[in-house]
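The values are calculated or read from the model by the stated rules, or taken from the named source; none is laboratory data. Since the structure is predicted, the reported quantities are computational estimates derived from the model, not experimental observations. All Cβ positions, glycine included, derive from the backbone under ideal geometry; neighbour counts span all protein chains shown. To get the accessible areas, we keep the full protein, side chains included, count just its heavy atoms, and leave off ligands, DNA and RNA. Shrake-Rupley method; radii C 1.70, N 1.55, O 1.52, S 1.80 Å.
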Amino acid sequence: MNVLVINCGSSSLKYQVIHSDSEEVLAKGICERIGIDGRLVYQPKDGEKEITEASMPTHTEAVRMVLDALVNPKTGVLESLNAIDAVGHRLVHGGEKFASSTLLNEQVIQAVEECSDLAPLHNPANLIGVRACQEVLPNVPMVGVFDTAFHQTMPQEAYLYGIPYSYYETYKVRKYGFHGTSHSYVSKRAAEILGRPYEQLKTIVCHLGNGASVCAVKNGRSVDTSMGLSPLEGLIMGTRSGDIDPSAVEFLAKKEGLTMEGIMNVLNKESGVYGLSGLSSDFRDLDQASTEGNARAKIAVDAFCYRTAKYIGAYAAAMNGVDAICFTAGVGENDGKVRAKVCSYLGYLGITLDEKANQARGEEIRLSTPDSSVTVLLVPTNEELAICRETVAMIQHN
Ligand code: AMP
């Protein structure tokens, strides 16, 4: 099967075409600045990357441009649009309604729309992508793969907040967790790499990218994760604050004369390592600045690592032990200094980092020494492949 994987944001649309048998990426790219001016990046498997500036007033034009590129007689990778057997959509929030991926039909789309209250920044944008594909590929089956679904196995004691229970009953205010596709993919890979049954392994996955979260996976099920009702909770991230005392929200709103929307904007877009450093959300910039003696860049990264290590400790306790700790995503896959700093807190778990192995970037590798009691792994994530697999599984089961 050829699966078109779509990850749609408010002004961008990332795509890949994956052949599900060989799991080969036939083409990939991104439409950017949708609704502003428009830019298509197209990278076929054996060809040169093409960049085309073209008007994309809506996501429908963006999808059309992607499809045109895919069937272009010179540089396309498909003979015709009939070669697309299914579309897999990344959907951010499935609330409590979706504990697994699902075939998308009108009823399901409506149910996802109803979850938009819980993810106003993400779900509406994801659904725009679904609608655009429906318009352009009306007869192709589509599957929604939710970031939250993997975490629906969390027990109540992990997902309830200590607030009046009626808010959970009435509004479903609780921890949901995100990056589920990545946590699931990486924890499964860890079991394969270690040659151990997934159903008997305790893994902590550190997905450290611009958005960052830690997940405790016990016997193949997510039992806790650091993001919450929204992706704002938990770790210090690129621009998101992660955990803070809710009283700080009121305090700062008063001091700065900010509305609720204004303060949420600060916590989502002006905080994290960016806010702490006053410099950048990109760890490459922070590493460089830190090396040049910038104290705030250093403290931003130190705080990020400390918070990550603290969550690892919490989840080792929650699972009464841990067999493997995995690093993944942009920072986790590339930044050996961050991995080393995080692991420097984990000596009590019997972990020693193999410094040579820790120089690796973006490859599957064991980072801990053979005598470590807990194995630390670098496992590059592959959310698109995971979405492709889920899509094929859903279609074959229906
Ligand atoms: P992601 O959200 O997973 O795509 O991760 C993006 C982030 O990864 C960027 O904002 C950088 O902070 C980080 N990153 C990417 N490449 C590197 C690198 N070579 N060294 C350190 N950090 C990196």
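What number of residues within the stretch 330-347 satisfy the criterion of being open to solvent by less than 10 Å² (accessible area, probe 1.4 Å), among the aliphatic types (A, V, I, L, M) and within 16 Å of the ligand (Cβ to nearest atom)?
2
Checking the structure you have, find out if any residue of the stretch 339-348 is within 20 Å of the chain's Cα centre (by Cα) and within 19 Å of LYS188 (Cα to Cα).
Scanning the stretch 339-348, I find no residue that is within 20 Å of the chain's Cα centre (by Cα) and within 19 Å of LYS188 (Cα to Cα), so the answer is no.
What do you reckon, is GLY262 surrounded by 15 or more Cβ atoms within 10 Å (Cβ to Cβ), among the small types (Gly, Ala, Ser) and in a helix (DSSP H, G or I)? Don't jump to the end; show me each part of the working.
Working: surrounded by 15 or more Cβ atoms within 10 Å (Cβ to Cβ): no; among the small types (Gly, Ala, Ser): yes; in a helix (DSSP H, G or I): yes.
No.
Within the stretch 17-31, track down each residue that is open to solvent by 10 Å² or more (accessible area, probe 1.4 Å) and closer than 14 Å to ARG64 by Cα.
Narrowing the stretch 17-31 to residues open to solvent by 10 Å² or more (accessible area, probe 1.4 Å): 19-26, 28-30.
Result: GLY29, ILE30.
Return the residues of the stretch 206-239 that are within 16 Å of the ligand (Cβ to nearest atom), open to solvent by 30 Å² or more (accessible area, probe 1.4 Å) and under 22 Å from CYS326 (Cα atoms); say none if nothing qualifies.
The one that is within 16 Å of the ligand (Cβ to nearest atom), open to solvent by 30 Å² or more (accessible area, probe 1.4 Å) and under 22 Å from CYS326 (Cα atoms): ASN210.
So how many residues does the stretch 138-154 have that are out of contact with any Ser or Thr (no Cβ under 9 Å at 6 or more places or on another chain) and open to solvent by 10 Å² or more (accessible area, probe 1.4 Å)? Steps first, please.
From the stretch 138-154, those out of contact with any Ser or Thr (no Cβ under 9 Å at 6 or more places or on another chain) are 138-140, 148; that's our starting set.
With the extra rule that they be open to solvent by 10 Å² or more (accessible area, probe 1.4 Å), the set shrinks to 138-140.
Residues that pass the stated criteria total 3.
Select from the stretch 348-398 the residues that are within 16 Å of the ligand (Cβ to nearest atom), touching an Asp or Glu at 6+ places or on another chain (Cβ under 8 Å) and not in a helix (DSSP H, G or I) and list them in ascending order. Give the derivation first.
Applying the first criterion (within 16 Å of the ligand (Cβ to nearest atom)) to the stretch 348-398 yields 358-363, 365, 367, 378-387.
Imposing the further condition that a residue be touching an Asp or Glu at 6+ places or on another chain (Cβ under 8 Å) reduces the set to 361-362, 367, 378-381, 385.
Across the stretch 348-398, the qualifying residues are ARG361, GLY362, LEU367, LEU378, VAL379, PRO380, THR381.
Take THR308 and tell me if it is within 16 Å of the ligand (Cβ to nearest atom) and either among the hydroxyl-bearing types (Ser, Thr, Tyr) or open to solvent by 20 Å² or more (accessible area, probe 1.4 Å) (or both).
Numbers: within 16 Å of the ligand (Cβ to nearest atom): yes; either among the hydroxyl-bearing types (Ser, Thr, Tyr) or open to solvent by 20 Å² or more (accessible area, probe 1.4 Å) (or both): yes.
In short, yes.
So which residues in the stretch 162-183 are open to solvent by 20 Å² or more (accessible area, probe 1.4 Å) and assigned to a helix (DSSP H, G or I)?
Scanning the stretch 162-183 gives TYR165, SER166, TYR167, TYR168, GLU169, THR170, TYR171.
Quick one: TYR185 ticks every box in (1) in contact (Cβ under 8 Å) with a residue 40 or more places away in the chain; (2) more than 24 Å from HIS397 (Cβ to Cβ); (3) within 16 Å of the ligand (Cβ to nearest atom) bar one, so which box is it?
So TYR185 meets the others, but not (2).
Of all residues in the stretch 55-87, count the ones that are touching a strand residue (DSSP E or B) at 6+ places or on another chain (Cβ under 6 Å), within 24 Å of ASN126 (Cβ to Cβ) and open to solvent by 20 Å² or more (accessible area, probe 1.4 Å).
Qualifying residue count for the region: 2.
Residue by residue, here is whether (1) assigned to a helix (DSSP H, G or I); (2) of a type in the set (D, E, K, R); (3) within 16 Å of the ligand (Cβ to nearest atom); (4) touching a Gly at 6+ places or on another chain (Cβ under 9 Å) holds:
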{"position": "ILE244", "(1), (2), (3), (4)": "no, no, no, no"}
{"position": "PHE251", "(1), (2), (3), (4)": "yes, no, no, no"}
{"position": "VAL273", "(1), (2), (3), (4)": "yes, no, yes, yes"}
{"position": "ASP285", "(1), (2), (3), (4)": "yes, yes, yes, no"}
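Take CYS326 and decide whether it is within 19 Å of the chain's Cα centre (by Cα), in contact (Cβ under 8 Å) with a residue 24 or more places away in the chain and under 23 Å from ASN219 (Cβ atoms).
On the way: within 19 Å of the chain's Cα centre (by Cα): yes; in contact (Cβ under 8 Å) with a residue 24 or more places away in the chain: yes; under 23 Å from ASN219 (Cβ atoms): yes.
Judged against the criteria, CYS326 is a match.
Of the conditions (1) closer than 15 Å to LYS337 by Cβ; (2) open to solvent by 50 Å² or more (accessible area, probe 1.4 Å), ASP302 clears all except one; give me its number.
Checking ASP302 against (1) closer than 15 Å to LYS337 by Cβ; (2) open to solvent by 50 Å² or more (accessible area, probe 1.4 Å), the one that fails is (2).
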